[in-house]
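K.L.:
Sharing a structure with you now.
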Amino acid sequence: GENVEQHPSTLSVQEGDSAVIKCTYSDSASNYFPWYKQELGKRPQLIIDIRSNVGEKKDQRIAVTLNKTAKHFSLHITETQPEDSAVYFCAASRGAYDMRFGAGTRLTVKP
Amino acid sequence: GAVVSQHPSWVICKSGTSVKIECRSLDFQATTMFWYRQFPKQSLMLMATSNEGSKATYEQGVEKDKFLINHASLTLSTLTVTSAHPEDSSFYICSASSFASYNEQFFGPGTRLTVL
């Protein structure tokens, strides 16, 4: 089955700096790679996703890159703000099925 | 659009009792619903996948007789934790998807279960 590894587990940046979180996956059949932001006790919120036919996607301060050959994808947050502080999860799935989550990254943005 | 609700949002029960959690898609028909469990400071772990009108498919290590899943309609799935024990205490989150959502899963707000 799919195995998703995520690094780093914790990340602390100064407000305005960039943050990068990296994930690798094992199942070459995975074709959907979402990123979620989760605040304590709340549901995961989809912040950006990418499909296997695309190498990069950007939405304002957030971007995701996908390298299918190397089976890794990354989340980039630029101009970080204190409200970006949360736990971020990457995930990989085959269509809507078999979604596996990374272990999570606790991002802290210091004002 | 694409709103998923869960009920209850939290529940406290005694060891040995059963607890039912409902997951509803409010504004779309969910052909598939998923149940996840999340322990404190850990990731979401897929427990089972259910398609409307079919038996749920459970992940390895998840006891199907303990976690009963029913997906009787396109807008409702239920998870029943039978004979709950303290180690079942967790955050249970459902999600729903449809053919139109093309891979995206829409998450419910979660149910915090505490078994005393």
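K.L.:
When you scan segment B:84-97, do you find a residue that is touching a helix residue (DSSP H, G or I) at 6+ places or on another chain (Cβ under 7 Å) and touching a residue at least 60 places away in the same chain (Cβ under 8 Å), even just one?
P.N.:
No.
K.L.:
Another question, if that's okay. Tell me whether segment A:76-88 contains one or more residues that are crowded, with 22+ Cβ neighbours inside 10 Å and either basic (Lys, Arg) or within 14 Å of chain B (Cβ to nearest Cβ) (or both).
P.N.:
yes
K.L.:
Among the candidates A:Lys71, A:Lys58, A:Lys22, which residue alone is surrounded by fewer than 19 Cβ atoms within 10 Å (Cβ to Cβ), more than 10 Å from chain B (Cβ to nearest Cβ) and within 30 Å of B:Thr111 (Cα to Cα)?
P.N.:
Testing whether each residue is surrounded by fewer than 19 Cβ atoms within 10 Å (Cβ to Cβ), more than 10 Å from chain B (Cβ to nearest Cβ) and within 30 Å of B:Thr111 (Cα to Cα) leaves just A:Lys22.
K.L.:
Here's another thing I want to ask about it. Within segment A:101-111, take every residue that is crowded, with 21+ Cβ neighbours inside 10 Å and within 11 Å of chain B (Cβ to nearest Cβ) and give me the one that is farthest from B:Ser97 (Cα to Cα).
P.N.:
Selected residue: A:Thr105.
K.L.:
To continue, here is another question. Can you say whether A:Tyr97 is out of contact with any Lys or Arg (no Cβ under 9 Å at 6 or more places or on another chain), under 30 Å from B:Thr31 (Cβ atoms) and hydroxyl-bearing (Ser, Thr, Tyr), as far as the supplied structure shows?
P.N.:
Yes: the conditions hold for A:Tyr97.
K.L.:
Give segment B:75-105 a look and list any residue that's crowded, with 17+ Cβ neighbours inside 10 Å, farther than 19 Å from B:Phe39 by Cβ and away from chain A (no Cβ under 12 Å), or say none.
P.N.:
Selection gives B:Thr75, B:Ser77, B:Thr78.
K.L.:
Has segment A:32-39 got any residue that is touching a residue at least 24 places away in the same chain (Cβ under 8 Å), within 13 Å of chain B (Cβ to nearest Cβ), among the acidic types (Asp, Glu) and surrounded by fewer than 18 Cβ atoms within 10 Å (Cβ to Cβ)?
P.N.:
Within segment A:32-39, one or more residues are touching a residue at least 24 places away in the same chain (Cβ under 8 Å), within 13 Å of chain B (Cβ to nearest Cβ), among the acidic types (Asp, Glu) and surrounded by fewer than 18 Cβ atoms within 10 Å (Cβ to Cβ).
K.L.:
Hey, does segment A:6-15 have a residue that's under 12 Å from the mean Cα position of the chain (by Cα), farther than 20 Å from B:Phe106 by Cβ and part of a strand (DSSP E or B)?
P.N.:
Looking through segment A:6-15, at least one residue is under 12 Å from the mean Cα position of the chain (by Cα), farther than 20 Å from B:Phe106 by Cβ and part of a strand (DSSP E or B).
K.L.:
When you scan segment A:48-91, how many residues do you find that are of a type in the set (A, V, I, L, M, F, W, C) and closer than 24 Å to A:Ala29 by Cβ?
P.N.:
Of the residues in that region, 11 qualify.
K.L.:
Right, B:Thr57: touching a helix residue (DSSP H, G or I) at 6+ places or on another chain (Cβ under 8 Å), closer than 20 Å to A:Ala96 by Cα and either at pLDDT 95 or above or of a type in the set (S, T, N, Q) (or both) or not?
P.N.:
So B:Thr57 does not fit the description; no.
The values are calculated or read from the model by the stated rules, or taken from the named source; none is laboratory data. Because the structure is a prediction, the values reported are computed rather than measured. As a convention, Cβ positions derive from the backbone with ideal geometry for all residues, glycine included, and neighbour counts pool all protein chains shown.
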